[in-house]
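To start, the structure itself, in structure tokens.
The values are calculated or read from the model by the stated rules, or taken from the named source; none is laboratory data. Since the model is a prediction, treat every value here as computed from it, not as a measurement. Glycine also receives a Cβ, built like all others from the backbone with ideal geometry; neighbour counts cover every protein chain displayed. These area figures cover heavy atoms from the full protein model, side chains too; ligands, DNA and RNA do not enter into them. Shrake-Rupley method; radii C 1.70, N 1.55, O 1.52, S 1.80 Å.
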Amino acid sequence: MMTRRDILLGAVVITLTLSVLAKPSAADDATKLQRQSIDLIAPPFVHPHEQTTKDAPKIVEFKLVVHEKEIVIDEEGTKFQAMTFNGSIPGPMMVVHQGDYVELTLVNPASNTMPHNIDLHAATGGLGGGALTLVNPGEQVVLRFKADRAGVFVYHCAPGGTMIPWHVVSGMNGAIMVLPRDGLKDGSGKPLHYDRIYYIGEQDLYVPKDEQGNYKTYGSPAEAYFDTREVMRKLIPTHLVFNGRVGALTGDHAMTAKVGATVLIVHSQANRDTRPHLIGGHGDYVWETGKFSNAPETNLETWFIRGGSAGAALYTFKQPGLYTYLNHNLIEGVELGASANFKVDGKWNDDLMTQVKAPAPIPTASSN
């Protein structure tokens with residue numbers, strides 16, 4: 001069994017290896033900029049932010065605390081040893097503007113059992129920050145990088161070797177959105193605006209079973225490692241969920257909107273490809289690859305998010321009702337749990353859809 005000593009010894013080796021890959025620059029001109037501290041909130045919600053700005057670039061401060069904890073991932077009570085940023089799967093979404101500096105404090109409490117770090121796909125250099133952020137339990141580190149390109153990007157833990165996929169599929173991933181300073185635009189340069197934003201993180205989970213086919217439980221992530229790795233290597237997830245568990249965004253936790261509201265949906269998958277689809281709606285404007293310097297595609301029925309990336313879709317709801325938003329690999333969406341709901345209030349528009357005749361018995365020749 002992997003022990004705490006083995007893990008910490010491995011972390012020392014990783015730290016020595018990574019230390020030669022990147023060194024902080026002596027130049028520190030960014031410290032003269034104005035600072036803004038942001039309180040992050042758990043997905044699917046996103047912290048308040050301006051969609052456009054005329055202010056000069058600034059340093060935006062965020063804090064992520066690693067939580068290793070047991071969670072329940074379905075209605076049957078299946079327990080899973082998760083590793084998380086700020087306690088949620090996915091981790092919180094961070095929002096800045098292009099040209100801003102992200103200053104991130106990563107905290108690994110002494111109560112944890114594992115070394116952790118963060119690879120930010122929005123950052124340039126040193127394994128996306130991973131080379132400069134490896135912290136053992138009881139340590140914290142501060143990283144600053146310039147958000148020099150616009151889009152939505154994945155971040156995830158990447159402590160080295162086989163630890164990387166395990167930490168990612170144990171929940172350690174999230175997203176950052178870097179908005180253009182003048183906001184989102186359509187293909188013709190016309191400004192686009194959203195009334196609200198939701199962040200959905202799709203997560204593949206790999207839960208070991210015992211000889212009787214029952215899901216196993218463990219006392220810590222380290223205790224679960226070897227069994228979980230065996231399940232992972234088969235590449236067949238036991239659960240594929242939105243925001244940490246089956247049904248996390250349904251029922252009382254469904255996302256809400258009103259007819260006429262424009263919603264930006266950010267969707268990430270740090271490990272596998274996925275195909276988001278809004279049943280009864282469309283992607284009015286979709287940045288499938290998640291990069292706002294590219295013109296958005298329009299009127300998509302289903303869009304494709306590559307594993308290890310995030311995408312964004314803008315939609316204005318036109319009808320009230322309960323919408324299902326799911327991975328349109330329907331086996332993964334329906335059978336494994338990658339499904340969510342939007343509850344939309346408003347007045348029905350018969351011009352867009354109407355039931356001409358209600359269900360009734362098929363007429364027979366004698367009834368005509």
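Filter the strands (runs of 3 or more DSSP E) completely within segment 138-254 down to those with at least 3 residues that are closer than 23 Å to GLN98 by Cα and either free of Cβ contacts under 8 Å to residues at least 12 places away in the same chain or open to solvent by 20 Å² or more (accessible area, probe 1.4 Å) (or both).
Numbers: elements: 139-146, 151-156, 173-179, 196-205, 239-242.
Hits in segment 138-254: 139-146.
Give the number of residues within segment 74-101 that are over 18 Å from the mean Cα position of the chain (by Cα) and either open to solvent by less than 40 Å² (accessible area, probe 1.4 Å) or over 26 Å from VAL241 (Cα atoms) (or both).
Narrowing segment 74-101 to residues over 18 Å from the mean Cα position of the chain (by Cα): 74-81, 97-101.
Pick out the ones that are also either open to solvent by less than 40 Å² (accessible area, probe 1.4 Å) or over 26 Å from VAL241 (Cα atoms) (or both) and you get 74, 77-78, 80-81, 97-101.
The qualifying residues number 10.
Which one is least open to solvent (accessible area, probe 1.4 Å), of the residues in segment 55-68 that are in contact with an Asp or Glu (Cβ under 9 Å, 6 or more places away or on another chain) and part of a loop (DSSP other than H, G, I, E, B)?
Here is the first cut: in segment 55-68, the residues in contact with an Asp or Glu (Cβ under 9 Å, 6 or more places away or on another chain) are 57-63.
This time we only want the ones that are part of a loop (DSSP other than H, G, I, E, B), so: 57-58.
On the way: PRO57: 52, LYS58: 27 Å².
Taking the candidates together, the pick is LYS58.
Among the residues of segment 344-368 satisfying the criterion of being open to solvent by less than 100 Å² (accessible area, probe 1.4 Å) and aliphatic (A, V, I, L, M), which is farthest from LEU249 (Cα to Cα)?
Step by step, filter segment 344-368, then rank; the result is ALA365.
Report, by residue number, each residue of segment 120-134 that is under 24 Å from GLN203 (Cα atoms), open to solvent by less than 30 Å² (accessible area, probe 1.4 Å) and not in a loop (DSSP other than H, G, I, E, B).
Passing the criteria: LEU120, GLY128, GLY129, GLY130.
Kindly indicate whether ILE71 is surrounded by fewer than 22 Cβ atoms within 10 Å (Cβ to Cβ) and out of contact with any His (no Cβ under 9 Å at 6 or more places or on another chain). Show your work before the answer.
Working: surrounded by fewer than 22 Cβ atoms within 10 Å (Cβ to Cβ): yes; out of contact with any His (no Cβ under 9 Å at 6 or more places or on another chain): yes.
Spelling it out, ILE71 is indeed surrounded by fewer than 22 Cβ atoms within 10 Å (Cβ to Cβ) and out of contact with any His (no Cβ under 9 Å at 6 or more places or on another chain).
Out of all the residues in segment 312-326, is one or more among the charged types (D, E, K, R), closer than 24 Å to VAL154 by Cβ and part of a loop (DSSP other than H, G, I, E, B)?
Looking for residues that are among the charged types (D, E, K, R), closer than 24 Å to VAL154 by Cβ and part of a loop (DSSP other than H, G, I, E, B), one finds none in segment 312-326, hence no.
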